[in-house]
Amino acid sequence: MVKRIDIDKTSMKLYRMKMIIRHSLTGTWRHQRWKWSFRFCSNMCCNSNNTHLSIVSTNIAITELAKKGLLEQARNLFDKMPQRSIVSWNTMISGYSEWDKFSEGLSLVSLMRSSCIKLNESTLSSVLSVCARSQSLNRGKEVHGLVLKSGYQSFQLVGSALLYLYSTCHEIEDARMVFDVLHRENELLWSLMLVGYVKCNLLTDALEIFRKMPTRDVVAWTTLISGYSKVEGGCQKALELFRSIREDTELVPNEFTLDCVLRVSGRLGSLYGGRAVHGLVVKFGFEWDHSVSGALIDFYCSCEVLDDAMLVYSALVNPSLNNSNSLIGGLILAGRIEEARYLFNGLIKQDHVYNLMIKGYAMAGQVEESKQLFLEMSERNLTSINTMISVYSRNGEIDKAVELFEEVKVQGNSVTWNSMISGYTQNYEHESALKLYTTMRRLTISQTRSTFSALFHACSCLGSLQQGQLIHADLIKTPFESNNYVGTAVVDMYSKCGSLNDAQTSFHSIAYPNVAAWTALINGYAHHGLGSEALVLFHQMLDEGINPNAATFVGVLLACTCVGLVGDGTRLFHVMQEYYGIAPTLEHYTCMVDLLGRSGHLHEAEKLVNRMTIEPDSIIFVALLNACWFWMDVEVGERVAEKLLSLDPNSTSSCVIMANMYAGIGRWWEKMRVRKAMKKLQYRKDPGYSWIELNNKVQFFSVDNRTHPFCDTIYSTLANLTANVDSEINFDCTSKLFGESELLS
């Protein structure tokens, strides 16, 4: 028993020892395992944090490089990233977009999609912006499909980018569809829709959106004012909108508003209104802003108040080059070339400053100075050569202009070709201008407003209706048909070529006809003897609220002369001076003298000539002398002829008219005396000429001119026609004689 008990005790000890050892071993293993796990997790977390920090720091570096325009370095960093976040992709795409690298940005988007990276709202808005600015409408529509699939269209940035895409690509109807769907959730779309309509010149729609806007801040007002300021006939509306801003005490115009309104005031010549805006500029502290100060200088130059423009300029601490150019241009247009030269000499010489002065010297008739400046230029760029082509053309040196043109016509732009076409028309080489246009079309050089206006002027000078119609067909394919500048040239061309119906139709194609367009049509009717129709047009123009200018009154007075409306003509002559403040020119006085003279009011016409505020020329005296001949008033005629001869001793017109007048009343001795005087003057009448248009070419004819290439054929045909006519007359006379003899028998 004792032994068994001892054995049990011994077994128990061994068991306890075993359990202790086992427990201790197991605890050690578990402790070690926990320790290893902790170390592994710690390493994992550290690696993850390090990777995240690396991505963030790289994204920041890419952003900084992209801001500086170092896109290649930014892309190298991007390509070397072992892992990229969505921010990495968006940062690189935005960098490309900011620096107009649109194709690279779109390529990166394609790579992003092929890498199965999901595009978020920032990516989509950036990509849509790239598509808009690169005019990639089809790619933009593909992205729009992704937007709809992802459901991101309700995000403000994405919805705004969608509308911006369609309005920038001039798909304004699609832009309006985006607006109609999303504008309740996205207030940003109101301003973007307004800007879209303004960019597309759909100002009626823009005004409708503007009126419905929940809130209209000064930016919205300025957008609409800017839109109206850029369309023809919209300047008055722009000023009305600005007055509405001033009525709202909570709205304060910013520098962009004031800049725009000042330029509008300058275009309208509204000196009083512009001065009031100048007061607001000073009040709100914008007089030192370069853009606003430039607008002030432009405004005063446009209103021909150069001293005030110079005061604004002299008050600037560091005037910009644009401000200097504006003042130099204003001084040149005002003929103050020496002051422009003084300002120019104080500037750092840059190419566009040279170009301005080259043109200025030419306008002032100082062509040699223009040439000297051109030779002084360190580098003659295309702009300076274009300017010099215009200078040579203006000076009648067309051969030198052609020589310059031939040097640059291959790399030349539309301005180069326009300068040469205008040069030909200025030097009466109208057919050369039309031939050059044919070459221009063949080389697919884009036409501008200046192209068409110069060509229509050439057609009107040639009287070439067929050529004018062909060029008009080209014009219809461009957006310039409704333009005032071009439309006026079309109306003038058709009027001078005798096609008044086409002139009327072209006039109605002009979006906002200005005073020049109305005047062209009025003059067209007046010159074709349709005085009543011309006066109806004049009153329609006044009803439209358009004030006539000096050229308009020339046409109106001519219309009164055609229909003999002495009372209306006299009244309009006084209205022109007293109501519109237009000083009469020689053309106005000539029309009035002609009107009074044709109507038999010779003494009134003579008194008007004696009261003229400017020196009369020979044309006025010839008009009055013609009237004296018509009414056979020798007394007034002799006084007028005496004044005409004192003005122009070699005048043959006075001798011819007085000789005819003396013959008409039987004073033959006086007629013989005048004839002897004419012989001493070696009087020779200038030959008249006529022309016809055949196969788009104008054929000129004059007396005793045998220079025509088909001269022999023409005279042979004329001889045959004359012989046929003579034979018909002889046959008719013979038949009549035989008829009479038969009756007598």
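The values are calculated or read from the model by the stated rules, or taken from the named source; none is laboratory data. Keep in mind the model is a prediction, meaning the values are calculated, not measured. Note: ideal-geometry Cβ built from the backbone for every residue, glycine included; neighbour counts use all protein chains shown.
Against the definition (under 30 Å from Q540 (Cβ atoms) and surrounded by fewer than 22 Cβ atoms within 10 Å (Cβ to Cβ)), how does A659 come out, yes or no? First the steps, then the outcome.
On the way: under 30 Å from Q540 (Cβ atoms): no; surrounded by fewer than 22 Cβ atoms within 10 Å (Cβ to Cβ): yes.
Answer is no for this residue.
Considering each of T257, T249 in turn, give the residue that is β-branched (V, I, T) and modelled with pLDDT of 90 or more. Break it down into steps so the answer makes sense when it comes.
Working: T249 fails: modelled with pLDDT of 90 or more.
The unique qualifying residue is T257.
If you go through the stretch 141-186 one residue at a time, how many are among the aliphatic types (A, V, I, L, M) and closer than 16 Å to V127 by Cα?
Taking the stretch 141-186 and keeping what is among the aliphatic types (A, V, I, L, M), we get 143, 146-148, 157-158, 161-163, 165, 172, 175, 177-178, 181-182.
From what's left, closer than 16 Å to V127 by Cα: 143, 146-148, 157-158, 161-163, 165.
Qualifying residue count for the region: 10.
Name the residue that is farthest from A276 (Cα to Cα), counting only residues in the stretch 300-333 that are in contact with a helix residue (DSSP H, G or I) (Cβ under 6 Å, 6 or more places away or on another chain) and β-branched (V, I, T).
That would be I332.
Could you list, in sequence order, the residues of the stretch 312-366 that are among the aliphatic types (A, V, I, L, M), surrounded by 14 or more Cβ atoms within 10 Å (Cβ to Cβ), modelled with pLDDT of 80 or more and outside any helix (DSSP H, G or I)?
Scanning the stretch 312-366 gives L316, A334.
Assigned to a loop (DSSP other than H, G, I, E, B) and at pLDDT 90 or above - does that describe any residue in the stretch 295-307?
Within the stretch 295-307, the subset assigned to a loop (DSSP other than H, G, I, E, B) is 303-305.
Checking the rest, the ones that are also at pLDDT 90 or above come to 303, 305.
Yes.
Does the stretch 452-467 include one or more residues that are more than 25 Å from A401 (Cα to Cα) and part of a loop (DSSP other than H, G, I, E, B)?
Checked the stretch 452-467: at least one residue is more than 25 Å from A401 (Cα to Cα) and part of a loop (DSSP other than H, G, I, E, B).
Can T416 be described as at pLDDT 90 or above, crowded, with 17+ Cβ neighbours inside 10 Å, of a type in the set (S, T, N, Q) and within 19 Å of K371 (Cα to Cα)?
On the way: at pLDDT 90 or above: yes; crowded, with 17+ Cβ neighbours inside 10 Å: yes; of a type in the set (S, T, N, Q): yes; within 19 Å of K371 (Cα to Cα): yes.
When the stated conditions are applied, T416 passes them.
Pick from V277, V282, V261: which is part of a helix (DSSP H, G or I) and out of contact with any helix residue (DSSP H, G or I) (no Cβ under 9 Å at 6 or more places or on another chain)?
On the way: V277 fails: out of contact with any helix residue (DSSP H, G or I) (no Cβ under 9 Å at 6 or more places or on another chain); V261 fails: out of contact with any helix residue (DSSP H, G or I) (no Cβ under 9 Å at 6 or more places or on another chain).
Just a single option satisfies the conditions, and that option is V282.
Go through E255, E304 for me and flag whichever is touching a Leu at 6+ places or on another chain (Cβ under 9 Å) and surrounded by fewer than 22 Cβ atoms within 10 Å (Cβ to Cβ).
On the way: E255 fails: touching a Leu at 6+ places or on another chain (Cβ under 9 Å).
Just one listed residue meets the conditions, E304.
I need the full set of residues from the stretch 220-252 which are surrounded by fewer than 22 Cβ atoms within 10 Å (Cβ to Cβ), under 17 Å from K199 (Cα atoms) and in contact with a Gly (Cβ under 8 Å, 6 or more places away or on another chain), in order please.
Of everything in the stretch 220-252, just one residue is surrounded by fewer than 22 Cβ atoms within 10 Å (Cβ to Cβ), under 17 Å from K199 (Cα atoms) and in contact with a Gly (Cβ under 8 Å, 6 or more places away or on another chain), namely G234.
Identify all residues within the stretch 532-561 that are assigned to a loop (DSSP other than H, G, I, E, B) and surrounded by fewer than 15 Cβ atoms within 10 Å (Cβ to Cβ); write none if there are none. I'd like the intermediate steps shown before the answer.
We begin by selecting, within the stretch 532-561, every residue assigned to a loop (DSSP other than H, G, I, E, B); these are 544-549.
Across the stretch 532-561, the qualifying residues are E544, G545, N547.
What pairs come out if I take residues in the stretch 378-404 that are under 14 Å from Q366 (Cα atoms) and pair them with residues that are modelled with pLDDT under 90 and polar (S, T, N, Q) whose C-beta lies under 8 Å away, six or more apart or interchain?
What qualifies is M388/S370; V391/S370.
Kindly state which helices (runs of 4 or more DSSP H) lie completely within the stretch 170-228 and contain at least 1 residues that are among the β-branched types (V, I, T) and touching a residue at least 24 places away in the same chain (Cβ under 8 Å).
On the way: elements: 172-182, 188-199, 203-212.
Correct list: 172-182, 188-199.
Only residues that are farther than 20 Å from L455 by Cβ and outside any helix (DSSP H, G or I): list them for the stretch 391-423, please.
N395, G396, E397, V410, Q411
Out of A503, A550, which single residue is closer than 28 Å to S690 by Cα and either among the aliphatic types (A, V, I, L, M) or touching a Leu at 6+ places or on another chain (Cβ under 9 Å) (or both)? Give the derivation first.
Working: A550 fails: closer than 28 Å to S690 by Cα.
After ruling out the rest, the residue left standing is A503.
Considering the stretch 231-252 alone, what residues qualify as being under 15 Å from L202 (Cα atoms), charged (D, E, K, R) and not in a helix (DSSP H, G or I)? First the steps, then the outcome.
Of the residues in the stretch 231-252, the ones under 15 Å from L202 (Cα atoms) are 231-234, 237-238.
Then keep just the ones that are charged (D, E, K, R); that gives 232, 237.
E232, the sole residue that qualifies.
May I ask you to verify whether K237 is closer than 24 Å to F179 by Cβ, touching a Phe, Trp or Tyr at 6+ places or on another chain (Cβ under 9 Å) and basic (K, R)?
yes
Would you say S291 is surrounded by fewer than 21 Cβ atoms within 10 Å (Cβ to Cβ) and not in a loop (DSSP other than H, G, I, E, B)?
Working: surrounded by fewer than 21 Cβ atoms within 10 Å (Cβ to Cβ): yes; not in a loop (DSSP other than H, G, I, E, B): yes.
Yes, satisfied.
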